[in-house]
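The structure appears right after this line, and notes come after that.
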Amino acid sequence: MAASPHPLSRAIAILAVAAVACAGAVPAAAQGQPPALVEVDAVIVEPLSQTAPVVGRIVARQSVIAAQVAGVVARVHAVIGDRVARGDLLVELDAARLEAEVAFRRAERDEAAASAVAAEASLALAQQALDRMTGLRDSAAFSQARFEEAEQEVRRARSLLGVARARRMRADANLEKAAIDLEDARVLAPFSGVIGNRAAHVGEYLRVGDPIVTVINDSDLEVEAAVPASRISGMQDGVVVSFTLDDGSRHDAAVRATVPMEDSLTRTRLVRLIPEFGETANEFAGNQSVIVLIPIGVPREVVTVHKDAVLNRQGGRVVYAVVDGLAQFRPVRLGESVGNRFEVLDGLTPGELVVVRGNERLRPGQPVRHDGSS
């Protein structure tokens with residue numbers, strides 16, 4: 001007994017017969033009509049990769065800004081939700097004590113500098129005395145004891161000068177540290193972002209290391225996903241994958257790094273990706289959920305057609321191909337979705353032009369024109 005034809009094959013055959021019947025009638029009726037203006041797109045060959053969805057999240061770099069000097073909070077310039085630029089003033093500590101410390105260290109530095117100058121003068125005088133005794137070495141007035149005393153005085157003066165210079169260096173360092181502490185009383189934003197938390201309030205005493213504010217850098221985002229270990233081979237550095245946001249928008253991201261640590265419970269490894277965001281309906285936020293489409297197979301070349309070219313007619317899929325300026329009715333068999341295109345299993349060949357705008361009212365054999373047509 002002969003096998004029954006496949007239902008899809010019967011539908012395509014019916015559409016083909018209908019197309020032939022219509023194609024013979026329309027041109028004669030449409031001879032006096034101007035060509036319909038349409039938009040077309042080419043049938044192309046492109047790679048198709050099978051993917052699997054993995055839940056991920058957007059990771060925003062954030063920093064907890066801590067006090068680098070102890071003091072009382074005098075003024076707070078940034079509150080939660082404020083957008084700040086790098087270098088903006090966030091918090092000021094009471095600087096009176098720090099200013100006094102700078103003045104004290106400056107006076108200490110000046111004193112040490114004066115001591116060093118005095119020590120240099122003492123060394124010069126001792127050296128002159130030694131030089132005079134050296135000049136009398138061959139005369140009757142020469143005294144070996146006084147000569148040795150002069151040498152000892154030079155050594156002593158040179159030693160005192162070394163001590164004075166060391167005190168001057170220490171005074172310079174103390175002054176520099178006091179100046180840094182005074183500067184640190186003004187807490188500045190280390191990078192542009194949004195204030196996510198504020199821990200300091202006016203009148204509160206802060207110790208070194210106490211948290212002040214948290215700044216979230218929402219312009220430097222990454223995507224993090226826990227990828228099954230069995231799929232990690234397809235997530236090499238530089239590999240570009242797609243991810244979708246909750247508004248339905250789709251974006252690309254390149255793998256930056258795979259953390260070499262596996263979760264023993266979920267058998268997954270963390271992967272960090274650098275996203276390329278396009279237009280979205282909402283603003284991005286740290287820990288926002290995304291769906292990452294990870295590759296699960298070897299890419300293959302497929303023939304694809306734009307989704308806007310595909311029409312549903314009598315239970316089947318059809319397109320209008322443009323051949324010699326006429327709309328040619330084509331039943332097609334489609335496969336998987338490839339972005340905004342469909343894989344074509346049968347009915348079209350690469351390079352053909354198909355109608356993607358204005359195809360809803362076309363009839364088989366109807367004259368058409370598009371950009372680039374005469």
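The values are calculated or read from the model by the stated rules, or taken from the named source; none is laboratory data. All of these numbers come straight from a predicted model, not from anything done at the bench. Positions of Cβ are backbone-derived with ideal geometry, glycine not excepted, and every protein chain shown enters the neighbour counts. Ligands, DNA and RNA are excluded from the accessible area calculation, which covers all protein heavy atoms including side chains. Shrake-Rupley method; radii C 1.70, N 1.55, O 1.52, S 1.80 Å.
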Next item on the list: Could you tell me which label, among (i) 37, 29, 18; (ii) 86, 26, 22; (iii) 36, 26, 22, carries the value of semi-axes √(5λ) of the Cα gyration tensor in Å calculated for this structure?
Entry: (ii)
Notebook entry, point to check: What is the percent of Cα-Cα separations in segment 66-211 that go past 28 Å?
Noted result: 50
Item checked: 5 Å binning of all Cα-Cα separations within segment 221-270, expressed as whole percents from 0 upward -> 5, 18, 29, 22, 16, 8, 2
Margin query: Using a Förster radius of 45 Å, what is the FRET efficiency between Gln236 and Ser159 based on their Cβ-Cβ separation? Nearest 0.05, please.
Written below: 0.10
Item checked: Near-label residues of segment 308-349 by backbone N, under 13 Å of a point 7 Å along Cα→Cβ of Arg363 -> 327
Item checked: Percent carbon-and-sulfur accessible area, segment 293-338, ignoring ligands, DNA and RNA, probe 1.4 Å -> 48
Notebook entry, point to check: At what distance in nm do the modelled label points of Ala107 and Gln314 sit from each other, each positioned 7 Å from its Cα along Cα→Cβ?
Noted result: 10.5
Next item on the list: Over the chain, calculate the relative contact order: mean separation of alpha carbon pairs under 8 Å at least 6 apart, over the residue count, as a percent.
Entry: 29
Check: Working out 0.36 nm times the residue gap between Arg97 and Thr349, then minus their Cα-Cα distance, what length gain in nm do you get to one decimal?
Finding: 82.5 nm
Note to self: From the gyration tensor of the Cα coordinates in segment 288-374, what semi-axes in whole Å does the equivalent ellipsoid have, largest first, with each one equal to sqrt(5λ)?
What the structure shows: 29, 14, 14
Next item on the list: Would you mind computing, in nm to one decimal, how far apart the modelled labels at Met169 and Leu265 are, each placed 7 Å from Cα along Cα→Cβ?
Entry: 5.6
